[in-house]
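Structure, as structure tokens:
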Amino acid sequence: MHVSELVHRIDEGWGTFRAAVTARRGGLDQRTPAGWRYRDLIAHVLGSEGETARRLAIFRIDGVQLEPFFAADELSAESVARYSRLSVGGLLDELDRTHQALLGEVRGLSEAQLRQNRSWAEAVVARATFRHYAEHAGEWSSAGSAG
């Protein structure tokens, strides 16, 4: 895969995910079928994308493939706690800013970096973006729309 193709895959998944978030904007304190509050699910995605942007920046600059600071469950709990006090508008602004930062890091990768070490960067990005959005798609679609 090329960097432009990876960005395209991210954009496709993001469009669907972000549209679902927008449709549910008035009901973010309601629970998903899996038991999350929708705003917690957003914080979870936000934390994952932020951590991925940090790891990609280090890889892009120094070639070092860092493991995440936290295991997935710990990162989710930390992200939910960190963003719990934000207003809905503040949470969504932070989501969009973090997503743009991640896209900037992906676009900053060279083609060689993207393929380095069995495409480590590509796999990390896929897990944090389009595969991650798809993993949670049922939680957004099965709940219908809220005001």
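Taken as a whole, the structure leaves Ala77 outside the set of residues that are surrounded by 14 or more Cβ atoms within 10 Å (Cβ to Cβ) and closer than 22 Å to Thr22 by Cα.
Residues that are within 16 Å of the chain's Cα centre (by Cα) and in contact (Cβ under 8 Å) with a residue 40 or more places away in the chain within the stretch 77-95 comprise Val80, Tyr83, Leu91, Leu92, Glu94, Leu95, listed in sequence order.
Residues in the stretch 54-74 that are part of a helix (DSSP H, G or I), surrounded by fewer than 21 Cβ atoms within 10 Å (Cβ to Cβ) and of a type in the set (A, V, I, L, M): 4 in all.
Residue under question is Ala72, and the condition is that it be under 22 Å from Ala137 (Cα atoms) and not polar (S, T, N, Q); does it hold? So Ala72 fits the description; yes.
Each residue in the stretch 16-27 was checked for being part of a helix (DSSP H, G or I), more than 18 Å from Ser48 (Cβ to Cβ) and either of a type outside the set (A, V, I, L, M) or free of Cβ contacts under 8 Å to residues at least 60 places away in the same chain (or both), and 5 of them qualify.
Taken over the stretch 75-131, the criterion of being among the aliphatic types (A, V, I, L, M) and outside any helix (DSSP H, G or I) is satisfied by Leu86, Leu109.
For the stretch 132-145, filtering for residues that are surrounded by 18 or more Cβ atoms within 10 Å (Cβ to Cβ) and either among the hydrophobic types (A, V, I, L, M, F, W, C) or not in a helix (DSSP H, G or I) (or both) leaves 1. Determine whether Ala43 is surrounded by fewer than 22 Cβ atoms within 10 Å (Cβ to Cβ) and more than 21 Å from Arg107 (Cβ to Cβ). Against the criterion (surrounded by fewer than 22 Cβ atoms within 10 Å (Cβ to Cβ) and more than 21 Å from Arg107 (Cβ to Cβ)), Ala43 does not qualify. Here Arg85, Arg118 are screened, and the one residue that is closer than 29 Å to Ala23 by Cα and out of contact with any Lys or Arg (no Cβ under 8 Å at 6 or more places or on another chain) is Arg85.
A short reminder: the numbers here are calculations on the coordinates, not readings from a lab. The structure displayed is predicted, hence computed values, not measured ones. In this analysis, Cβ positions are derived from the backbone assuming ideal geometry, glycine residues included, and neighbour counts consider all displayed protein chains.
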